[in-house]
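The structure under discussion appears below in the form of structure tokens.
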Amino acid sequence: MSDIQQCRQIIAQLERDYNQEHKTTFIDIVPDKIIEISTMALWAQSISGAKKMDLGLPAPKAWLRKLAARGPAEQAETYKGVMFAFIKLILIVCRGV
């Protein structure tokens with residue numbers, strides 16, 4: 001599965017989680033993972049103190065869909081004072097010496 005497909009899968013999962021419901025997500029100034037699927041995660045960080053954001057509303061969902069279409073980024077994109085980024089996770093396997 002491509003990186004963009006994984007990003008789109010994350011948004012689809014968010015839409016299922018927020019299906020017809022208004023749920024508040026607290027986003028702090030410390031970057032935090034919102035949701036993870038397979039080897040991709042959506043991270044968020046507030047620019048100016050803790051914020052509440054309803055990711056189930058149409059406007060943020062539409063904006064996140066556009067972000068997902070670009071895939072993981074080297075830099076976060078900002079929406080209403082919150083930076084969002086899709087981050088590709090790296091699995092590190094350590095073997096005994």
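The values are calculated or read from the model by the stated rules, or taken from the named source; none is laboratory data. These numbers come from a predicted model, not from an experiment. Cβ placement follows ideal geometry from the backbone for every residue including glycine, while neighbour counts extend to all protein chains displayed.
If you take the residues in segment 81-97 that are modelled with pLDDT of 95 or more and not β-branched (Val, Ile, Thr), which one is surrounded by the fewest Cβ atoms within 10 Å (Cβ to Cβ)?
GLY81
Between a residue in segment 72-95 that is in contact (Cβ under 8 Å) with a residue 24 or more places away in the chain and any residue that is exposed (fewer than 11 other Cβ atoms within 10 Å of the Cβ) and part of a loop (DSSP other than H, G, I, E, B), which pairs come within a Cβ distance under 8 Å, given they are 6 or more apart or on different chains?
GLY81/SER48; ALA85/GLN75
Can you tell me which residues in segment 37-49 are of a type outside the set (Ser, Thr, Tyr) and either exposed (fewer than 15 other Cβ atoms within 10 Å of the Cβ) or within 14 Å of ASP3 (Cβ to Cβ) (or both)?
ILE37, MET40, ALA41, LEU42, ILE47, GLY49
Can you spot a residue in segment 57-72 that is surrounded by 15 or more Cβ atoms within 10 Å (Cβ to Cβ), at pLDDT 95 or above and touching a Ser or Thr at 6+ places or on another chain (Cβ under 6 Å)?
No: zero hits.
I'm told LYS52 meets every condition in (1) touching a residue at least 40 places away in the same chain (Cβ under 8 Å); (2) over 21 Å from GLN5 (Cα atoms); (3) not β-branched (Val, Ile, Thr) except one. Can you identify the failing condition by its number?
Only one criterion in (1) touching a residue at least 40 places away in the same chain (Cβ under 8 Å); (2) over 21 Å from GLN5 (Cα atoms); (3) not β-branched (Val, Ile, Thr) is unmet by LYS52, namely (1).
Do we have any residue at all in segment 43-61 that's out of contact with any Asp or Glu (no Cβ under 8 Å at 6 or more places or on another chain) and closer than 12 Å to PHE86 by Cβ?
no
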